[in-house]
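Participant: I have a structure here, written as structure tokens, and I will follow up with some questions on it.
The values are calculated or read from the model by the stated rules, or taken from the named source; none is laboratory data. Note that the structure is predicted; figures quoted are calculated from it, not measured. Ideal geometry is used to build each Cβ from the backbone, glycine not excepted, and the neighbour counts take in all protein chains shown.
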Amino acid sequence: MATPKFPGVAINTREQILELLQRSGSGLTADALAHKLGISAVAVRKHLAALERGNFVMTELERRPVGRPTYLYRPTATAQTLFPNDYANLATAMLEMIRRLDGERKVDELFQHRAEALASELETRVQGATLQERLRQVVQVLEEQGYMPELVKLQEGHERYLLTEHHCPIFQVAKAFQQACSCELDVLLRLLQAKVERCEHRIIGHPNCSYLISRS
């Protein structure tokens with residue numbers, strides 16, 4: 001499991017809690033977790049509170065025939081991202097199969113349709129009247145998608161910007177299918193309604209992907 005951003009020595013205990021909850025299927029109580037971990041229920045509840053604040057666990061009230069109701073804890077969708085997955089290999093394998101069966105042109109068409117669908121979906125969120133406003137909205141979208149974007153205005157008094165993506169969540173797919181990179185550029189062009197030039201590209205060895213953006 002990927003390491004969550006938990007402070008101090010609590011990291012291992014919170015990882016263990018999440019793994020136990022994931023394995024449980026139906027969820028566990030704080031007392032059950034305390035028994036499995038060999039620590040006090042009070043300590044477990046402190047860890048659960050921290051995990052709940054981070055949106056890693058959710059609670060559900062369970063009513064029992066006898067005694068007081070109790071709370072069950074389950075991992076959230078956010079917590080699922082901390083566990084190993086094989087999405088990139090699956091997507092790459094499926095695209096490779098399409099390439100073998102229907103040719104490169106079919107792969108191109110798929111990515112073109114993906115670019116159009118994504119741009120249409122995001123246009124409702126990127127409606128700024130100015131390039132700067134649209135850029136801020138695009139940066140917000142990229143942040144949510146995991147690209148770790150950074151926007152720098154290059155010249156005062158001129159609408160010229162450098163947009164850098166410090167992470168690429170689709171890098172494994174893009175290494176095999178550079179249509180993914182073309183798709184990203186097409187989406188940026190449509191959303192920003194501006195001149196967009198790629199000046200750094202991870203696929204060819206640069207540390208990041210970067211774009212020079214100016215009014216068209």
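Participant: Could you list all residues from the range 74-128 that are over 19 Å from the mean Cα position of the chain (by Cα) and of a type in the set (Lys, Arg)?
Facilitator: Across the range 74-128, the qualifying residues are Arg74, Arg99, Arg100, Arg105, Lys106.
Participant: List pairs: first residue in the range 107-127 and more than 11 Å from Leu188 (Cα to Cα), second residue loosely packed, with under 14 Cβ neighbours inside 10 Å anywhere in the structure, Cβ distance under 8 angstrom, at least six positions apart or on different chains.
Facilitator: Arg125/Gln140
Participant: Here's another thing I want to ask about it. Taking the condition outside any strand (DSSP E or B), surrounded by fewer than 16 Cβ atoms within 10 Å (Cβ to Cβ) and modelled with pLDDT under 95, does Ala129 pass?
Facilitator: So Ala129 fits the description; yes.
Participant: Just to verify a result, which residue in the range 178-216, among those that are of a type in the set (A, V, I, L, M) and not in a helix (DSSP H, G or I), is surrounded by the fewest Cβ atoms within 10 Å (Cβ to Cβ)?
Facilitator: Only one residue tops the list, namely Leu212.
Participant: Another question about this same structure. Taking only the range 1-35 into account, find how many residues are within 15 Å of Pro75 (Cβ to Cβ), touching a helix residue (DSSP H, G or I) at 6+ places or on another chain (Cβ under 7 Å) and either modelled with pLDDT under 90 or not β-branched (Val, Ile, Thr) (or both).
Facilitator: The number of residues fulfilling the criteria is 11.
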